[in-house]
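K.L.:
Below you will find the structure I want to go over with you.
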Amino acid sequence: MTTTRIVVTGIGASSPIGGTAPESWSALLDGASGARTLEYDWVEQYQLPVTFAAQAVVRPDTVLERPMAKRLDPSSQFALVAAMEAWADAGAPDVDPERLGVDFATGIGGVWTLLDAWDTLREKGPRRVMPMTVPMLMPNAAAGNLSLHFGARAFARTVASACASSTESIVNAVEHLRSGLADVVIAGGTESAIHPITIASFASMQALSKRNDDPSTASRPASIDRDGFVMGEGAGVLILETEEHAKARGAKIYAAVVGGGVTADSYHITANDPEGAGAARAVRMALEMADATPDDVTHINAHATSTPVGDPNEYQALRSVFGDRVDEIPVSATKASTGHLLGGTGALEAIFTVLALRDRVAPPTINITEQDPAVPFRLSGEPVSLGDGDHLAISNSFGFGGHNAVAAFATV
C-alpha cells in the first residue's frame, strides 16, 4: 500500500435534523433534536412499547423522481439523495468510470421491501409479489444503484457490520484509494429501518429508550439517567479522492482522511467487550495509519449511543488509549440530536467530524441532565471552539457482532 493522502471533496446527508449536510450541521450546532412521536396507525395496532423515533426531516421519495423512487427501497432512496448532494458538492468530478468506485454500507438493508412483500404474499398470493423485490431488498442494493447512477465501474462494494458499517466503508475506501484501485470513491452508508418489527425487536432487547412522553430528550449519551438509544434513519455520503486527483481538478478540500482501524471483539454477539480491547485496538490502528500519537488528537466524535452499558465501555476503551488526557479532549456525542442511524450513523458522524475540523468547533451534546461519573468525557451542551491551527479528530463506530471501526481525519 502506498502513502497517498486521501481527502474529502464532497459531502451529502439526509438526517433526522436536516435534509442536507449543511442543514444537518447547522441544526446540530443549534442543539436540535430529531426525535419525534411516530404518527402511524401501526404504532397503536401492534401496541409497540416505544412510540417514537428520529425520522428523517425530508422523505427521499419527495426528492427523487417518482419512477426512480418506486424502484428503490427507502434505504436506497436515502443513499441516492445523499450521494447526489455529495457528488454535486464535489463539483461532479470528471473521472474515468473505471477509476470511480463505491464503498457503501447498511446495517439491515431493505427491510421495508422485504416485509411489505411478505404481507403481499400472505394476503394476495405469489403472483402479486413484485419482480423487483429482490433487487430492492438486497443489502448491496444501495451500492449497486449508486454505481449505476454515477457510472462507477472500478467496484461497488458493500459492508454490513451493524452500527460500524459506514465507518468501515470509509476505512475501506481509504485503503482502496491508497492501493491505487480508484481515483475517486463514493463512500458512506444508509438505513431506513423505522419499522414495527425493528422497533419491537430492539425494544425486546431493552436497547431502546422508552421515554414516550419526552422523545426530544430521550437520547442522553453519558447522562446518568440514560435508558437506551433512539432509532434514527437517513444516509451520509462522502466523496473521497486522492489528493493528487483533487488538486489536479481544482477541487475544494474539506479535510483529509488520514487513518482507519477495523477490529473484532470476538466476545459476544450484541454486548461490547467490557474492557474495550477491540475498540482500543481500532483507535490505535487509525492513529498508526495516520502516523500520529494519542497526544495529537484534539477532538472525538464518540459512538455514545445512550445505552447504560455501551457508553461506559467506550469511555474505558478510550481511556486505555489516551490515559487521563481523555478527560481533556473535547468530545461530541451527536446521537443525542440525531438518534442512531444504525448502518448510516458512521457516515453521518464522519461528516460532522469533517465539518468540526473545517469550522474548528466541537458540536454540542444535548440532553445531559447529570453526567454519569462512569462516563466523564469532556462534553458540552454548547459548541466548543477547538482553536486555530491544525487538528486531528477520530470518529468511532461499534456494532453488534463485535465490530469496531474508527476513522481519523485531519485539517488541511
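The values are calculated or read from the model by the stated rules, or taken from the named source; none is laboratory data. Everything numeric here is computed off the predicted structure, so don't read it as measured data. Backbone-built Cβ (ideal geometry, glycine too); neighbour counts: all protein chains shown. Accessible surface areas use protein heavy atoms only, side chains included; no ligands, DNA or RNA. Shrake-Rupley method; radii C 1.70, N 1.55, O 1.52, S 1.80 Å.
K.L.:
May I ask you to verify whether ALA156 is touching a residue at least 12 places away in the same chain (Cβ under 8 Å), surrounded by fewer than 24 Cβ atoms within 10 Å (Cβ to Cβ), within 21 Å of ALA54 (Cα to Cα) and within 23 Å of the chain's Cα centre (by Cα)?
P.N.:
no
K.L.:
Let me ask you something else. Need pairs with beta-carbon distance below 8 Å; first residue touching a residue at least 24 places away in the same chain (Cβ under 8 Å) and within the stretch 382-406, second surrounded by fewer than 24 Cβ atoms within 10 Å (Cβ to Cβ) and aromatic (Phe, Trp, Tyr); sequence gap 6+ or separate chains.
P.N.:
GLY402/TYR267
K.L.:
Restricting to the stretch 33-42, and then to whatever is over 15 Å from THR217 (Cβ atoms) and touching a residue at least 24 places away in the same chain (Cβ under 8 Å), can you tell me which residue is surrounded by the fewest Cβ atoms within 10 Å (Cβ to Cβ)? Working first, answer last.
P.N.:
Of all residues in the stretch 33-42, those over 15 Å from THR217 (Cβ atoms) come to 38-42.
Keeping just the survivors that are touching a residue at least 24 places away in the same chain (Cβ under 8 Å) gives 38, 42.
Details: LEU38: 19, TRP42: 11.
Checking each candidate, the answer is TRP42.
K.L.:
Which residue pairs have Cβ atoms under 6 Å apart, sit 6 or more places apart or on different chains, and have a first residue in the stretch 283-298 that is open to solvent by 20 Å² or more (accessible area, probe 1.4 Å) and a second that is aromatic (Phe, Trp, Tyr)?
P.N.:
PRO294/PHE322
K.L.:
What are the residue pairs meeting all of these: first residue in the stretch 97-125, first residue over 16 Å from ALA160 (Cβ atoms), second residue surrounded by 18 or more Cβ atoms within 10 Å (Cβ to Cβ) and among the hydroxyl-bearing types (Ser, Thr, Tyr), Cβ atoms under 7 Å, and 6 or more apart or on different chains?
P.N.:
Cβ pairs passing all conditions: TRP112/SER192; ALA117/THR133.
K.L.:
Please work out if VAL354 is in contact (Cβ under 8 Å) with a residue 24 or more places away in the chain, out of contact with any helix residue (DSSP H, G or I) (no Cβ under 8 Å at 6 or more places or on another chain), open to solvent by less than 10 Å² (accessible area, probe 1.4 Å) and closer than 22 Å to ALA280 by Cα. Let's see the steps before the verdict.
P.N.:
Working: in contact (Cβ under 8 Å) with a residue 24 or more places away in the chain: yes; out of contact with any helix residue (DSSP H, G or I) (no Cβ under 8 Å at 6 or more places or on another chain): yes; open to solvent by less than 10 Å² (accessible area, probe 1.4 Å): yes; closer than 22 Å to ALA280 by Cα: yes.
For VAL354, the condition - in contact (Cβ under 8 Å) with a residue 24 or more places away in the chain, out of contact with any helix residue (DSSP H, G or I) (no Cβ under 8 Å at 6 or more places or on another chain), open to solvent by less than 10 Å² (accessible area, probe 1.4 Å) and closer than 22 Å to ALA280 by Cα - is met.
K.L.:
Could you count how many residues in the stretch 12-57 are among the small types (Gly, Ala, Ser) and within 18 Å of LYS210 (Cα to Cα)?
P.N.:
5
K.L.:
If a residue has to be surrounded by fewer than 24 Cβ atoms within 10 Å (Cβ to Cβ) and either free of Cβ contacts under 8 Å to residues at least 60 places away in the same chain or among the hydrophobic types (A, V, I, L, M, F, W, C) (or both) to count, how many in the stretch 161-173 make the cut?
P.N.:
1
K.L.:
Just give me the residues in the stretch 305-337 being open to solvent by less than 30 Å² (accessible area, probe 1.4 Å), under 22 Å from THR270 (Cα atoms), assigned to a helix (DSSP H, G or I) and not hydrophobic (A, V, I, L, M, F, W, C), in sequence order.
P.N.:
GLY310, ASP311, PRO312, ASN313, GLU314, TYR315, LYS335
K.L.:
Any idea which of THR62, THR51 is polar (S, T, N, Q), modelled with pLDDT of 95 or more and surrounded by 15 or more Cβ atoms within 10 Å (Cβ to Cβ)?
P.N.:
Values: THR62 fails: surrounded by 15 or more Cβ atoms within 10 Å (Cβ to Cβ).
THR51 is the lone residue from the list that is polar (S, T, N, Q), modelled with pLDDT of 95 or more and surrounded by 15 or more Cβ atoms within 10 Å (Cβ to Cβ).
K.L.:
What are the residues in the stretch 227-252 that are open to solvent by 50 Å² or more (accessible area, probe 1.4 Å) and under 23 Å from LEU392 (Cβ atoms), if any?
P.N.:
If the condition is that a residue be open to solvent by 50 Å² or more (accessible area, probe 1.4 Å) and under 23 Å from LEU392 (Cβ atoms), then GLU244, LYS247, LYS252 are the ones that fit.
K.L.:
Can you name every residue in the stretch 250-297 that is in a helix (DSSP H, G or I) and of a type in the set (Gly, Ala, Ser)?
P.N.:
ALA277, GLY278, ALA279, ALA280, ALA282, ALA286
K.L.:
Those residues that are among the small types (Gly, Ala, Ser) and either over 19 Å from THR106 (Cβ atoms) or crowded, with 24+ Cβ neighbours inside 10 Å (or both), I need them from the stretch 391-408; list them, please.
P.N.:
ALA393, SER395, SER397, GLY399, ALA405, ALA407, ALA408
K.L.:
Another question, then. Which pairs do you get when a residue that is in a loop (DSSP other than H, G, I, E, B), found in the stretch 208-230, comes within reach of a residue that is of a type in the set (S, T, N, Q) and open to solvent by 10 Å² or more (accessible area, probe 1.4 Å), reach meaning Cβ atoms under 6 angstrom, with the pair 6+ apart or on two chains?
P.N.:
Filtered contacts from the stretch 208-230: ASN212/THR51; ARG220/ASN367; ALA222/GLN371; ASP225/THR369; GLY228/THR307.
K.L.:
Next question. Collect the residues in the stretch 23-56 that are in a helix (DSSP H, G or I) and within 16 Å of the chain's Cα centre (by Cα), keeping them in residue-number order.
P.N.:
SER24, TRP25, LEU28
K.L.:
Return yes when THR365 is within 27 Å of ILE253 (Cβ to Cβ), of a type outside the set (Lys, Arg) and open to solvent by less than 10 Å² (accessible area, probe 1.4 Å) and no when it is not.
P.N.:
Details: within 27 Å of ILE253 (Cβ to Cβ): no; of a type outside the set (Lys, Arg): yes; open to solvent by less than 10 Å² (accessible area, probe 1.4 Å): yes.
It is false that THR365 is within 27 Å of ILE253 (Cβ to Cβ), of a type outside the set (Lys, Arg) and open to solvent by less than 10 Å² (accessible area, probe 1.4 Å).
K.L.:
What residue, of THR263, THR190, is modelled with pLDDT of 95 or more and either among the aromatic types (Phe, Trp, Tyr) or buried (at least 24 other Cβ atoms within 10 Å of the Cβ) (or both)?
P.N.:
It is THR190.
K.L.:
Can you name the residue in the stretch 235-249 that is touching a residue at least 60 places away in the same chain (Cβ under 8 Å) and not in a strand (DSSP E or B) and, of all such residues, is farthest from SER161 (Cα to Cα)?
P.N.:
By that ranking, first place goes to ARG249.
K.L.:
If you go through the stretch 78-106 one residue at a time, how many are assigned to a loop (DSSP other than H, G, I, E, B), open to solvent by less than 30 Å² (accessible area, probe 1.4 Å) and either over 10 Å from VAL184 (Cα atoms) or in contact with a Pro (Cβ under 8 Å, 6 or more places away or on another chain) (or both)?
P.N.:
1
K.L.:
Restricting attention to the stretch 104-111, does a residue exist that is under 30 Å from ARG157 (Cβ atoms) and in contact with a Lys or Arg (Cβ under 8 Å, 6 or more places away or on another chain)?
P.N.:
Scanning the stretch 104-111, I find at least one residue that is under 30 Å from ARG157 (Cβ atoms) and in contact with a Lys or Arg (Cβ under 8 Å, 6 or more places away or on another chain), so the answer is yes.
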